[in-house]
Amino acid sequence: MEIHLWRELLDPYALAVDELVTKFNHIIDEYRHAGEYSPIELVTGRVKTISSILEKAQKKGISLEDVENNIDDIAGIRIICQFVEDIYKVVDIIKKRSDMTVRQEKDYINNMKKSGYRSYHLIVDYAVETLKGRKQLQVEIQIRTLAMNFWATIEHSLQYKYKQNMPENIRERLTSAAEAVLQLDREMSLVRHEIMEAQKSFTIKANMVSDILNNIQNLYKVADKQEVVRIQDEFFRIYQNGDHNELAKFSRDLDLISARYRAQSLR
Ligand code: 0O2
């Protein structure tokens with residue numbers, strides 16, 4: 001297979017990865033703009049390198065013509081969550097979408113691999129539009145917690161370093177680290193509700209501050225400058241006090257002032 005054919009093969013997968021990373025990042029934005037806790041913490045994506053594809057094809061005895069049908073992680077998305085519970089919420093979100101269809105799922109969280117690996121894998125069918133028309137692809141989505149991701153990343157590097165010959169003492173350390181990760185996820189789940197509440201109120205406050213500053217900026221263009229400076233000073237005073245209710249009332253009042261100016265400008 002010539003190099004330009006590889007590019008032709010891989011380009012649609014790169015498009016799928018770009019689109020899906022954008023779409024999952026938008027889910028985070030939607031939650032945050034609504035002042036809600038997002039079950040997705042972070043999204044990354046990658047197209048498998050040609051050398052990894054060749055290595056996998058060789059290991060599994062797949063001919064180059066069959067690569068697309070038999071290697072289902074040429075496009076890979078990784079979704080990182082804070083808590084195990086979030087993983088199942090994300091799986092639900094994905095299953096309800098109309099732009100992808102789950103064709104396979106593997107729950108390595110309830111069925112931890114012998115290595116200690118934990119993660120939730122979905123293979124989805126996803127279509128992209130290319131110059132040659134619509135192309136249906138398979139994409140692997142790995143969903144895991146921050147702690148699971150830490151373990152898997154380290155273990156993956158060690159696997160790469162030692163291939164099939166990982167020293168016994170390192171294997172044992174990884175096994176006990178996997179146990180510690182399991183324990184950490186369990187402990188974190190116990191305080192999930194409190195952390196979610198704290199993050200939610202942080203998001204609400206951040207949104208409120210952003211609205212207030214937008215309003216002040218817009219007022220600066222249309223209102224009396226001294227009045228706007230007075231409003232801004234008042235905002236800083238309330239912000240420094242740290243009283244959430246006072247800030248919320250200030251935000252509502254400022255909305256009314258801004259609406260009044262908008263109405264005036266329409267006359
Ligand atoms: P890479 O380099 O990450 O792309 P199967 O055909 O079911 O036997 P397959 O197709 O590899 O095996 O599926 P599986 O087991 O669901 O694994 C898919 C991906 O999950 C792997 O891709 C890894 O990314 C990750 N994974 C699976 N098991 C482990 C593990 O024990 N440790 C770590 N760190 N990651 C794991 P690749 O292509 O193997 O590797």
*Assess whether residue 134 counts as being in the same structural domain as residue 9 (by TED's automatic domain parsing), basic (Lys, Arg) and within 11 Å of the ligand (Cβ to nearest atom).*
no
*Among the candidates 161, 200, residue that is part of a helix (DSSP H, G or I), in the same structural domain as residue 32 (by TED's automatic domain parsing), of a type outside the set (A, V, I, L, M, F, W, C) and out of contact with any Pro (no Cβ under 6 Å at 6 or more places or on another chain)*: 161
*asked:* Condition first: part of a strand (DSSP E or B), out of contact with any helix residue (DSSP H, G or I) (no Cβ under 9 Å at 6 or more places or on another chain) and more than 13 Å from the ligand (Cβ to nearest atom). Can you find one or more residues in region 144-157 that meet it?
replied: no
*Consider residue 250 carefully, then state whether it is of a type outside the set (A, V, I, L, M), in a helix (DSSP H, G or I) and within 30 Å of residue 152 (Cβ to Cβ).*
no
_Contact list please: Cβ distance under 7 Å, first residue in region 10-39 and closer than 17 Å to residue 210 by Cβ and in the same structural domain as residue 67 (by TED's automatic domain parsing), second residue of a type outside the set (Gly, Ala, Ser) and not in a helix (DSSP H, G or I), pairs at least six apart or on different chains._
28/40; 31/37
*Answer residue from region 109-124, given it is among the polar types (S, T, N, Q) and either surrounded by 14 or more Cβ atoms within 10 Å (Cβ to Cβ) or within 10 Å of the ligand (Cβ to nearest atom) (or both) and is nearest to the chain's Cα centre (by Cα) among those*: 119
*Check region 139-146 and report whether any residue there is modelled with pLDDT of 95 or more, closer than 25 Å to residue 93 by Cα, among the basic types (Lys, Arg) and surrounded by fewer than 16 Cβ atoms within 10 Å (Cβ to Cβ).*
no
_Please pick out the residue among 21, 17, 90 that is buried (at least 17 other Cβ atoms within 10 Å of the Cβ), within 16 Å of the ligand (Cβ to nearest atom), closer than 23 Å to residue 128 by Cα and not basic (Lys, Arg)._
17
*From 106, 205, 200, 161, residue being within 16 Å of the ligand (Cβ to nearest atom) and at pLDDT below 95*: 161
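The values are calculated or read from the model by the stated rules, or taken from the named source; none is laboratory data. This is a predicted model, so every value here is computed, not measured. A quick note on method: Cβ atoms are made from the backbone with ideal geometry, for glycine too, and the neighbour counts reach across all protein chains shown.
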